[in-house]
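Engineer: Next up is a structure, given as structure tokens.
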Amino acid sequence: MSRKKSFTLDNDSFASNPGNVGVNVFVWAKHKPLIVGLLAFAVLFSLFRVYTYSRWCLLETGAALVASTWYWTRVKEHFAFGCANPGIVVSIHPPLVAVSTDVTKGVGYYPVIKIIPHSGGDDARLGERVGTVALYGDANEHHAYWSDFNPISIEYATSDALVHKRVLDSYSDEDWAALNRGVKDLRKPYRPGLYRVERDSSDWPS
């Protein structure tokens, strides 16, 4: 399987179900105002210093622009190339979503559930299905599985209802069944974190 070359991701790994979700910068900024605001401030403040202090401050402007460009490219590539995984609202207060995936690198079955904060707030409903897109990380390259994954709700990327429907429709009945089985393995109250599930039927080491 081939894809457009990425600038911020590992081009040797490919998602089994790519998100292919475009990012609306205003929607993202609504959910991530602090980091977006800091990046914008860094660029504007460096330009102010160029105007009021010295043209040498253009070096600061260049560094701020590089950081901002890398950040936005990373966000866009996360949703474009990351793996789409099913999520379900498991708590309203606090708002939490459970997301399931198999973190195998190709051989074996290593199911996990990750509990993440949810942006739906009071409008969310228990059991509501949520589309997410995740990147995978590795703290130990010698394992047959990824050590972590980072799902983000597509609500952070777009408010387009058709995109949300397309992503939700990309999950199979077995995907949803695996998510429900995994959630049943977890203790209540739910807390954010990564949890190994289905230990009796998977390849997780005992």
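Engineer: Of everything in segment 127-157, what is modelled with pLDDT of 90 or more, part of a loop (DSSP other than H, G, I, E, B) and either surrounded by fewer than 19 Cβ atoms within 10 Å (Cβ to Cβ) or polar (S, T, N, Q) (or both)? Give them in sequence order.
Structural biologist: Gly127, Glu128, Ala144, Ser147
Engineer: Also, quick follow-up: With the structure loaded, tell me whether Ser13 is hydroxyl-bearing (Ser, Thr, Tyr) and in a helix (DSSP H, G or I) or whether it fails that test.
Structural biologist: no
Table: residues versus (1) within 26 Å of Phe81 (Cβ to Cβ); (2) under 18 Å from the mean Cα position of the chain (by Cα).
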| position | (1), (2) |
| --- | --- |
| Gly127 | no, no |
| Val130 | yes, yes |
| Gly137 | yes, yes |
| Arg166 | yes, yes |
| Asp173 | yes, no |
| Asn180 | no, no |
| Glu198 | no, no |
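Engineer: Please go through segment 84-99 and pick out each residue that is more than 22 Å from Asp10 (Cα to Cα) and assigned to a strand (DSSP E or B).
Structural biologist: Pro86, Gly87, Ile88, Val89, Val90, Ser91, Leu96, Val97, Ala98, Val99
Engineer: While we're here: Could you list, in sequence order, the residues of segment 158-203 that are in contact with a Gly (Cβ under 7 Å, 6 or more places away or on another chain) and either part of a loop (DSSP other than H, G, I, E, B) or surrounded by 17 or more Cβ atoms within 10 Å (Cβ to Cβ) (or both)?
Structural biologist: So the first thing to find is which residues in segment 158-203 are in contact with a Gly (Cβ under 7 Å, 6 or more places away or on another chain), and the list is 158, 164, 167-168, 197-198, 203.
Within segment 158-203, Thr158, His164, Val167, Val197, Glu198, Asp203 qualify.
Engineer: Regarding Trp70, is this residue out of contact with any His (no Cβ under 7 Å at 6 or more places or on another chain), in a helix (DSSP H, G or I) and surrounded by 15 or more Cβ atoms within 10 Å (Cβ to Cβ)?
Structural biologist: Considered against the rule, which asks whether it is out of contact with any His (no Cβ under 7 Å at 6 or more places or on another chain), in a helix (DSSP H, G or I) and surrounded by 15 or more Cβ atoms within 10 Å (Cβ to Cβ), Trp70 comes out as no.
Engineer: Right, something else. Determine whether segment 103-122 contains at least one residue that is of a type in the set (Asp, Glu) and surrounded by 14 or more Cβ atoms within 10 Å (Cβ to Cβ).
Structural biologist: no
Engineer: Separate question: Among the numbered conditions (1) without any contact (Cβ under 8 Å) to a residue 60 or more places away in the chain; (2) over 30 Å from Trp204 (Cα atoms), tell me where Asn20 comes up short.
Structural biologist: Evaluating Asn20 over (1) without any contact (Cβ under 8 Å) to a residue 60 or more places away in the chain; (2) over 30 Å from Trp204 (Cα atoms) leaves (1) as the failure.
The values are calculated or read from the model by the stated rules, or taken from the named source; none is laboratory data. On a predicted model such as this, the values are computed, not experimentally measured, just so you know. A quick note on method: Cβ atoms are made from the backbone with ideal geometry, for glycine too, and the neighbour counts reach across all protein chains shown.
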